[in-house]
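Student: Input: one structure, supplied below.
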Amino acid sequence: AQTVTQSQPEMSVQEAETVTLSCTYDTSESDYYLFWYKQPPSRQMILVIRQEAYKQQNATENRFSVNFQKAAKSFSLKISDSQLGDAAMYFCAYRSAQGAQKLVFGQGTRLTINP
Amino acid sequence: NAGVTQTPKFQVLKTGQSMTLQCAQDMNHEYMSWYRQDPGMGLRLIHYSVGAGITDQGEVPNGYNVSRSTTEDFPLRLLSAAPSQTSVYFCASSYMGGRVYEQYFGPGTRLTVT
C-alpha cells in the first residue's frame, strides 16, 4: 500500500518570504499523480497544484511550485512571496494512475504567515 | 452548479444512535468518495464508488455503510455511532478516465459522538 509522509506538523514564514513544505511517499508503482491541497480555516479543500509522475518538468501555478524528485520519492511545495491568505493546513496526496481515483493523504502541515 | 454539497454541516450523536450523512453532486461525476479527517492523520478513505450501483471499501470502512442508487447521491450511514467516529467527514467527486481529473470536495460535516 502507498503511504505519504509530511514530517513538518507546523511551519511559519514571514510575509513576502519563501517557504518550502516537505512530502515523501512510498510506492512501487511507476505511474501516479501527486497533489498539494490547501485547507484554510473554512475547512474547504482546495487543489493547489498537481504533478504527473511521467512528466520530468516540475509543475508551477503562479507563486506555487513543486520540486518533484521521483527517484527519491520526494514532492515538496514551494510558496514564494508568502501572503497572509496562504495561512492554512497543507496536505500532500498520492493517487495511482491505475484504477479508481483513490487519494492517499499525508498528515498535513499547518502553515502560519507572520505579518 | 452547486458542486458537491453535504448535509448536515454539524451533528451531535449519542453512542449507539444511527444517522446518514448526505452527499450530492451536480457535475455528473462517475467517481464519489467519503473521507474522514482526524487531527494528525490527514484524510483517510472510508468508501468509494465508481458509478451507480458500484461501491467498494477504502482504508477505514468499519462502522460505515454506503450505497449509490443514482449518479448524483452517495450517502454515508453510521449504523451504531461510537465515540471513535467523532471526526470531520468529507465527500468528494470527480470524472473518471485517462486524465488526472480534479477531485471536488464538499464543505465537510463535523460529527461529534458523545
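Student: Return the residues of region B:71-85 that are open to solvent by less than 50 Å² (accessible area, probe 1.4 Å) and either more than 21 Å from A:L103 (Cα to Cα) or touching a Phe, Trp or Tyr at 6+ places or on another chain (Cβ under 6 Å) (or both); say none if nothing qualifies.
Tutor: Initially, region B:71-85 is screened for residues open to solvent by less than 50 Å² (accessible area, probe 1.4 Å), giving B:71, B:74-76, B:78, B:81-82, B:85.
Once the filter is applied, which keeps residues that are open to solvent by less than 50 Å² (accessible area, probe 1.4 Å) and either more than 21 Å from A:L103 (Cα to Cα) or touching a Phe, Trp or Tyr at 6+ places or on another chain (Cβ under 6 Å) (or both), region B:71-85 yields B:L76, B:L78, B:A81, B:A82.
Student: Could you tell me whether any residue of region B:12-32 is within 11 Å of chain A (Cβ to nearest Cβ) and within 13 Å of the chain's Cα centre (by Cα)?
Tutor: From region B:12-32, those within 11 Å of chain A (Cβ to nearest Cβ) are B:29-32; that's our starting set.
Pick out the ones that are also within 13 Å of the chain's Cα centre (by Cα) and you get B:31-32.
So far as region B:12-32 goes, yes, one or more of its residues are within 11 Å of chain A (Cβ to nearest Cβ) and within 13 Å of the chain's Cα centre (by Cα).
Student: Also, I was wondering about something else. Quick one: in region A:83-115, which of the residues that are surrounded by 21 or more Cβ atoms within 10 Å (Cβ to Cβ) and among the polar types (S, T, N, Q) is modelled with the lowest pLDDT?
Tutor: Here the answer is A:Q101.
Student: List the pairs whose first member sits in region A:92-115 and is more than 25 Å from B:S49 (Cβ to Cβ) and within 10 Å of chain B (Cβ to nearest Cβ), whose second member is among the β-branched types (V, I, T) and crowded, with 21+ Cβ neighbours inside 10 Å, and whose Cβ atoms are under 9 Å apart, counting only residues at least 6 apart or on separate chains?
Tutor: From residues that are more than 25 Å from B:S49 (Cβ to Cβ) and within 10 Å of chain B (Cβ to nearest Cβ), the pairs are A:Q107/A:V4.
Student: A further question follows. Taking A:A71 as the residue in question, decide whether it is loosely packed, with under 15 Cβ neighbours inside 10 Å and more than 22 Å from B:Y101 (Cα to Cα). Talk me through it step by step, then tell me what you get.
Tutor: On the way: loosely packed, with under 15 Cβ neighbours inside 10 Å: yes; more than 22 Å from B:Y101 (Cα to Cα): yes.
For A:A71, the condition - loosely packed, with under 15 Cβ neighbours inside 10 Å and more than 22 Å from B:Y101 (Cα to Cα) - is met.
Student: Exactly one of (1) at the interface with chain A (Cβ under 10 Å from one of its Cβ atoms); (2) open to solvent by 10 Å² or more (accessible area, probe 1.4 Å); (3) within 23 Å of A:I46 (Cβ to Cβ) is unmet by B:L43. Its number?
Tutor: (2)
Student: Could you tell me whether any residue of region A:35-43 is among the basic types (K, R), in a strand (DSSP E or B) and open to solvent by less than 30 Å² (accessible area, probe 1.4 Å)? Can you show your working first?
Tutor: Of all residues in region A:35-43, those among the basic types (K, R) come to A:38, A:43.
If we keep only those that are in a strand (DSSP E or B) too, we end up with A:38.
Within this subset, residues satisfying the condition of being open to solvent by less than 30 Å² (accessible area, probe 1.4 Å) are none.
No: region A:35-43 contains no residue that is among the basic types (K, R), in a strand (DSSP E or B) and open to solvent by less than 30 Å² (accessible area, probe 1.4 Å).
Student: Go through region B:24-57 and give me each residue that's outside any strand (DSSP E or B) and either in contact with a Phe, Trp or Tyr (Cβ under 6 Å, 6 or more places away or on another chain) or among the acidic types (D, E) (or both). Write out each step before concluding.
Tutor: Step one: of region B:24-57, the residues outside any strand (DSSP E or B) are B:26-30, B:39-41, B:52-53.
Correct list: B:D26, B:H29, B:E30.
Student: Checking A:L47 against (1) surrounded by fewer than 13 Cβ atoms within 10 Å (Cβ to Cβ); (2) among the aliphatic types (A, V, I, L, M); (3) within 11 Å of chain B (Cβ to nearest Cβ): exactly one of these is not met. Which one?
Tutor: Failed condition: (1).
The values are calculated or read from the model by the stated rules, or taken from the named source; none is laboratory data. Small disclaimer: the values here were computed from a predicted structure and weren't measured. Reconstructed Cβ throughout: ideal geometry from the backbone, glycine too, with neighbour counts over all protein chains shown. Each accessible area value is taken on the protein alone, full model and side chains, heavy atoms only, with ligands, DNA and RNA left out. Shrake-Rupley method; radii C 1.70, N 1.55, O 1.52, S 1.80 Å.
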